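For reference, the structure I am asking about is given below.
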Amino acid sequence: MQERYSPNDVEKAAHDNWQARDAYRVTEHAKAADGSSKPKFYACSMLPYPSGKLHMGHVRNYTINDMMARQLRMRGYNVLMPMGWDAFGMPAENAAIKSQVPPAKWTYDNIAYMKKQMKAMGLAIDWSREMCACDPKYYKWNQWLFLKMLEKGIAYRKTQVVNWDPVDQTVLANEQVIDGRGWRSGALVEKREIPGYYLRITDYAEELLSKVKDGLPGWPERVRLMQENWIGKSEGVRFAFTHNITDASGKLIQDGRMYVFTTRADTIMGVTFCAVAPEHPLATHAAQSNPELAAFIESCKKGGTTEAEMAAREKEGLPTGLSVTHPITGEPVQVWVGNYVLMSYGDGAVMGVPAHDERDFAFAKKYNLPIQDVITIPGKTYSTEQWQDWYGDKQQAQTVNSGRYDGLSHAHAVGAVAADLATQGLGEKQTTWRLRDWGISRQRYWGTPIPIIHCPDCGPVPVPEQDLPVILPDDLIPDGSGNPLTKHEGFLSCHCPKCGVAARRETDTMDTFVDSSWYFMRYTSPDNDNAMVDERNDYWMPMDQYIGGIEHAVLHLLYARFWTRVMRDLGLLKFDEPFTKLLCQGMVLNHIYSRKNAKGGIEYFWPEEVENQYDGKGAIIGATLRADGSAVQYGGIGTMSKSKNNGVDPQSLIDSMGADTARLFVMFASPPEQTLEWSDSGVEGANRYLRRLWSFCHNRQADIRQGIRPGIDWSSADDASKDLRREIHTLLKMADYDYQRTQYNTVVSTCMKMLNALESATLNSTPMAQAALAETTSILLRVLYPVVPHITWQLWQNLGYSKVHGDLLDAPWPTVDEAALIADEIELMLQINGKLRGSLRVANGAEKSQIEQIATHHEAALRFLEGRPPKRVIVVPGKLVNIVG
């Protein structure tokens, strides 16, 4: 055994052994040594986008998964830990534009490098199940299921509003719209309506909501709440404001009814205006004779289309000059066009109740519109000068200034208004959803081709199933002027499957959320070219543990839950929910340093480039560049980012200190669900611990080897051996508990205490002491192994444990010896007249009279009582003795 710990040598030896044995290949229905079936456990991390290199967030996520997989394997589970690549999407196209390299080459080069890094980390991945979203063998099944959904009516085609960059001539995703402009061209983004394909996720809204509220106990509460809010069930009243506005042909627009939806029908008497979306038929009609309004509507087409962007945008509007009729009072109500009203939500119109809605209040104050108070809460006064957030208190609310509805509670007022509207045939109670059908069409190249052929005679025609997959050309290079598929005759040109005439392929590709909605099931059936999944999926799914960032809490998880239900309803699955338990790991943070450059831009500096300045309490208050001493601004800590120069390259850390150091630090520094602050000193401390472990095992190797033997009777062990065993088994019990609750930082802390106990133990070289040393060291190595598998595997081999217990990968998980936890003697604190004066040792289980006898004859009792007999002796079992003199 080498005297010094060499992580590169140790990790290479471990990797060579694991690879030669194909140690992590997993099969279904694995058997234990006794012939019984092992229980299955499927633990999976969210697959990464192959951006080029792993970052420390990846290291943390995958180490959490790896710890879980390795520990459960030792406990006798058949554990699956797969990996794949979320390989389609915008970053590859952006990189292609910049480097003039096809996205396919860029993607596969990155995959090769990142896979090499994952192997260097020692992850227990079954690479035989690897999947890649841009592989036709995978995306064939995206296309196949899309066609099945089309047959069932779950997929359908309609026009959609998109962000259009008029300079780059391309559709932009919402995240590519920055302050209303295209991220690359800087041009003002326009809204355009173009046809696209949608999936009816709203058909599953009720089931998705009920399960997330009551059927996912293994999910974090905050994630369930985020999904619940995103689905957004609202119970209210949909009703119409009537009008006699006609179009150029004299026909009533929308049959003379402008519909709105509200959850607060009790405020209907407070309506002082209505606002419609810029695309609403009434807005379009009014704009025909109003150039100012037409220009305003055109300006509303600039910018993004998301709810978040609408909420952040300054509320602006113009009057249409039109009015509709209030359904209760019969009074005319002005109609405005509002830039904050979305045509895609509800009916594209809202009733304005400025006294009781913050957004409407701001709009009314800006344009000097009437504000009518119609809700009161006892003891509170409403002011029309400043918004007061008491509107939402439905329990105390009562109607005022509302005619026949005065004095009614919220529920009674809503019921009465709904009944009156129903009597007139103008409205009814209705449930609406914030959730909208999932638009999957993307006017982009690097994605799954939508399997549709456009025939001049037959219209859109599905590609026949036997012709799948529709292969995406992988040699194109986007130039920023739109989707290159629209110019690729080899892809475009085809014949109609129905009539045989010349036709054109659909050039839209699928949203990349499609790729990630079911990849975890393809891991179970990776080599089946004839089916999306097979019976192996029934064995592994539902997944036992899913691990990933909180940023995926809504869309990815929601789409995966929807996709699972679609597959279930098509007879492919036998379960409803894909993920039994969910763990959202925290972000990895590091210090940020910057300053403005001569051009006014912000220049960021790497933490190692600066020297910190501290206040009297040790907090960083400033920094200077090491190179020239010039000042830089300290920006606190934030998420690691390439753009802010505060990331840490895992590969450089692996090369210098080893993968085990990186793994140990990211597991020890913080609980898995919490953020982790990077610390160079913490990394050095982790490496120092591993060197101590190696040194201890090297120095005690002879005694350990001599002590490895089964079937030991510990009753005759010496006191030092018993003390060591008691301490290690006590710590093992703690580690067991922490593994069960995935508190891996305290597992590491426990392992550190174990090494301290081993180092400080004063054992002789008797066979019993050697046996105690061998047993307790083996416990440490096994508990620590899931965290740092390389060094523990090598030490296990070097010390000879593998000859008795087998390879560490499948060595039995240590069990707590309850007998070892019972001490022959216990220590009690000794108090004289309530003051601590020392301690005494008594036999475990000693009678009260025996304890009193020992305590009253203790040196401290004799000294402080000065020969006086004690008045009383109070014994607190297992804790202390107090002598009152």
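Can you compute the equivalent ellipsoid semi-axes for region 591-639, i.e. the square root of 5 times each eigenvalue of the Cα gyration tensor, sorted largest first and rounded to whole Å? Walk me through the numbers before you get to the answer.
Working: eigenvalues 70, 31, 18 Å².
Equivalent-ellipsoid dimensions as semi-axes: 19, 13, 9 Å.
With θ set to phi - 60° and the Karplus curve 6.51 cos²θ - 1.76 cosθ + 1.60, what are the ³J(HN,Hα) couplings of region 682-697 in order, to the nearest whole Hz, using x for Gly and Pro?
Each residue of region 682-697 in turn: x, 5, 5, x, 4, 5, 5, 4, 5, 5, 4, 4, 4, 5, 4, 5 Hz.
Roughly how many debye, to the nearest 20, is the charge dipole of the chain about its Cα centre, given +1 on each Lys and Arg Cβ, -1 on each Asp and Glu Cβ, and no other charges?
On the way: 95 positive and 106 negative charges, 229 e Å.
With only Lys, Arg, Asp and Glu charged at Cβ, the dipole is about 1100 debye.
Note the count of lysine pairs whose C-alpha atoms are less than 26 angstrom apart in region 235-433, limited to pairs 8 or more residues apart or on different chains.
Eligible lysine pairs with Cα atoms under 26 Å apart amount to 13.
Can you give the relative contact order of region 591-639 as a percent, counting alpha carbon pairs under 8 Å and 6+ residues apart?
Numbers: 81 pairs, mean separation 19.0, N = 49.
Once divided by the residue count of region 591-639, the mean separation gives 39 percent.
Under 5 Å between amide H atoms, partner at least 5 residues away or on a different chain: which partners does Arg181 have, H built in plane at 1.01 Å?
The list, which skips near neighbours in sequence, is Val189.
How much mean residue ellipticity at 222 nm does the chain get from its helices, if each DSSP H run of length 4 or more adds -39500 (n - 2.57) and you divide by all residues, to the nearest 500 deg cm²/dmol? Don't jump to the answer; show the numbers that get you there.
Working: 28 runs with 312 residues, N = 885.
The per-residue figure over the chain is -10500 deg cm²/dmol.
Please give the peptides 54-61, 591-598 ranked by average Cβ packing (other Cβ atoms within 10 Å per residue), highest first, as a rough proxy for protection. Walk me through the intermediate numbers first.
On the way: 54-61: 22.2, 591-598: 15.2.
Ranking the peptides 54-61, 591-598 by packing returns 54-61, 591-598.
Give the long-range amide H neighbours of Thr448: residues separated by 5 or more places, or on another chain, with amide H under 5 Å away, using H modelled in the peptide plane at 1.01 Å from N.
Met510
Using DSSP to define loop residues, name the GluC sites (Glu not before Pro) in region 343-449 whose beta-carbon has at most 13 other beta-carbon atoms within 10 Å.
Numbers: sites: Glu358, Glu385, Glu428; in loops: Glu385.
Those that pass, being in a loop and sparsely packed, are Glu385.
Which ordering of Met46, Met67 is given by a fewest-first count of other beta-carbon atoms within 10 Å? Intermediate values should be presented prior to the final figure.
On the way: Met46 20, Met67 25.
Ordered from fewest to most neighbouring Cβ atoms within 10 Å, Met46, Met67 come out as Met46, Met67.
Among 842-853, 329-340, 467-478, what's the highest-first ranking by average C-beta atoms within 10 angstrom per residue? Walk me through the numbers before you get to the answer.
Values: 842-853: 13.5, 329-340: 18.6, 467-478: 16.4.
Peptide ranking by packing, descending: 329-340, 467-478, 842-853.
Step through the table entries Lys733/Lys753; Lys148/Lys581; Lys38/Lys119; Lys40/Lys213; Lys53/Lys115, compare each Cα-Cα distance with 18 Å, and write down the pairs that go over it. Present the calculation step by step, with values, prior to reporting the outcome.
Values: Lys733/Lys753 13 Å; Lys148/Lys581 29 Å; Lys38/Lys119 26 Å; Lys40/Lys213 27 Å; Lys53/Lys115 9 Å.
Distance filter (> 18 Å) returns Lys148/Lys581; Lys38/Lys119; Lys40/Lys213.
Can you sort Glu506, Glu465 by how many other beta carbons sit within 10 Å, fewest first?
Values: Glu506 20, Glu465 11.
With the sparsest Cβ surroundings first, the list reads Glu465, Glu506.
Give me, ordered by chain and number, the residues 5 or more places off Ala503 or on other chains with an amide H under 5 Å from its own placed amide H.
Placed amide hydrogens put Cys494, His495, Cys496 under 5 Å from Ala503.
Which of Phe575, Phe605 has the fewest other C-beta atoms within 10 Å, and how do the rest follow up to the most? Could the numbers behind the result be given before it?
Details: Phe575 14, Phe605 21.
With the fewest neighbours first, Phe575, Phe605 line up as Phe575, Phe605.
Could I ask something else about it? Quick one: how many lysine pairs does region 759-885 have with C-alpha atoms less than 20 Å apart and a gap of 8 or more or different chains? Give me the count, please.
Values: Lys835/Lys871; Lys835/Lys879; Lys848/Lys871; Lys848/Lys879.
Counting lysine pairs in region 759-885 gives 4.
Rule-based calculations on the coordinates, nothing more; no lab input. All of these numbers come straight from a predicted model, not from anything done at the bench. Cβ coordinates were reconstructed from backbone atoms using ideal geometry, including for glycine residues, and neighbour counts include every protein chain displayed.
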